[in-house]
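What follows is calculated from the coordinates using simple rules that are stated; it is not laboratory data. Note that the structure is a prediction, hence the values are computed from the model and not measured. Don't worry about glycine lacking a Cβ; one is built from the backbone with ideal geometry, like all the others, and counts go over all protein chains shown.
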Amino acid sequence: MAANLAAARQFHAREGHLRPARKHVELVDGEEIKLGSFLDNTRRRAAKLSAERRAELDALGMRW
């Protein structure tokens with residue numbers, strides 16, 4: 001999950017939003033992270049996320 005969050009932070013810093021395409025792949029330290037599908041799946045499981053994880057994503061402008 002840490003790699004996914006790092007990818008989300010990197011994408012947000014570069015693009016200014018957190019709305020990648022479903023098939024978007026973000027390259028973090030040479031590793032391909034399927035950011036689009038991670039965020040889509042996270043939205044579906046929003047009720048199960050910890051308050052801390054939700055807050056981290058909210059800070060990046062996560063669209064729930």
Calculated log₁₀ intensity ratio I(q)/I(0) where the Debye formula runs over C-alpha points of the chain, q = 0.12, 0.15, 0.27, 0.30 Å⁻¹
-0.25, -0.39, -1.31, -1.55
Any idea which of 12, 57, 28 is furthest toward the positive side of the dipole for the chain, if Lys and Arg beta-carbons carry +1 and Asp and Glu beta-carbons -1?
57
At 0.36 nm per residue, and after removing the present C-alpha to C-alpha distance, how many nm does the segment from residue 43 to residue 15 gain when stretched out fully?
8.1 nm
So if I place +1 on the C-beta of Lys and Arg and -1 on the C-beta of Asp and Glu, and nothing else carries charge, what would the dipole magnitude of the chain be about its Cα centre? I want it in debye, nearest 20.
420
Taking θ as phi - 60°, what are the ³J(HN,Hα) couplings along the range 29-45 by the Karplus curve (6.51, -1.76, 1.60), each to the nearest whole Hz, with x for Gly and Pro?
6, x, 9, 7, 10, 7, 5, x, 6, 4, 5, 4, 5, 5, 4, 5, 9
For residue 28, residues with placed amide H under 5 Å, excluding near neighbours
33
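Provide the gained length on full extension for the span residue 22 to residue 51, in nm with one decimal, where the gain is 0.36 nm per separating residue minus the Cα-Cα distance.
Working: separation 29, 0.36 × 29 = 10.44 nm, distance 2.43 nm.
Result: 8.0 nm gained on full extension.
Residue 62: net charge of surrounding residues, Cβ under 14 Å, Lys/Arg +1, Asp/Glu -1, itself excluded?
On the way: positive: 9, 19, 43, 44, 45, 53, 54, 63; negative: 15, 40, 52, 56, 58.
Here the charged neighbours net out to +3.
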